[in-house]
């Protein structure tokens, strides 16, 4: 199984940079995903890491260290519309099946 | 428009009744998932299917059943609904193997009274 931890809530100022951390424990790691979810909506894909290192996509970057079971999502030049929950998810492959398991999510509030 | 469709979008259900939540995708994705999302608990996996004809249990399978007769459809059934099954249910799908993003349906808000 998996154990995925991320902070429950964070607050940051418009225009600033925020880092959301995620730690995980899994037996058959096969990739880590970050999703964004606005209130009342479905999650939408942000990034995917399977190898160690940093993946950059516009204002969003995601980092992975497999040896440490650690990832973070970096959001730059924060905008009010970035207020949402950010979900860390791990793909676990084992016994011929694969499951996508989510952490509880981090609610980010961007303030003026 | 390609994607995942869930039905109904919301439902109020009397306890003890049977209910099937529908999920259909037209992307020919092999893997499909059902999650429930509750405040403070995040998205929890109920059941999954890696390919048509196979299903597996997730973290919270009790009280739910699924079937995968074909690639496109993955219905979730509550045989006898209980109030603790009040939640928002999301269906998701991915291409045949890990490493690709999961696409989500718009969700079904279910209230069991």
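Nothing in this text is a laboratory measurement; each read-out follows from the coordinates by a stated rule. Just so we're clear, the structure is a prediction, and the values are computed from it rather than from any experiment. Backbone-built Cβ (ideal geometry, glycine too); neighbour counts: all protein chains shown.
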- Output the residues belonging to segment A:52-68 that are in contact with a strand residue (DSSP E or B) (Cβ under 7 Å, 6 or more places away or on another chain) and either touching a residue at least 12 places away in the same chain (Cβ under 8 Å) or assigned to a loop (DSSP other than H, G, I, E, B) (or both). A:52, A:59, A:60, A:61, A:62, A:63, A:64, A:66
- Message: Within segment A:89-112, does at least one residue satisfy the condition of being in contact (Cβ under 8 Å) with a residue 24 or more places away in the chain, more than 21 Å from residue A:21 (Cβ to Cβ) and away from chain B (no Cβ under 14 Å)?
- Response: yes
- Would you pick out the residues in segment B:71-113 that are over 26 Å from residue A:91 (Cα atoms) and exposed (fewer than 15 other Cβ atoms within 10 Å of the Cβ)? B:79, B:80, B:82, B:83, B:84, B:111, B:113
- Residue list for segment A:14-44, restricted to those being out of contact with any strand residue (DSSP E or B) (no Cβ under 6 Å at 6 or more places or on another chain) and either without any contact (Cβ under 8 Å) to a residue 60 or more places away in the chain or part of a strand (DSSP E or B) (or both): A:29, A:39, A:40, A:41
- Out of (1) in contact (Cβ under 8 Å) with a residue 60 or more places away in the chain; (2) over 15 Å from the mean Cα position of the chain (by Cα); (3) within 12 Å of another protein chain (Cβ to nearest Cβ), what's the single condition that is false for residue B:39? (1)
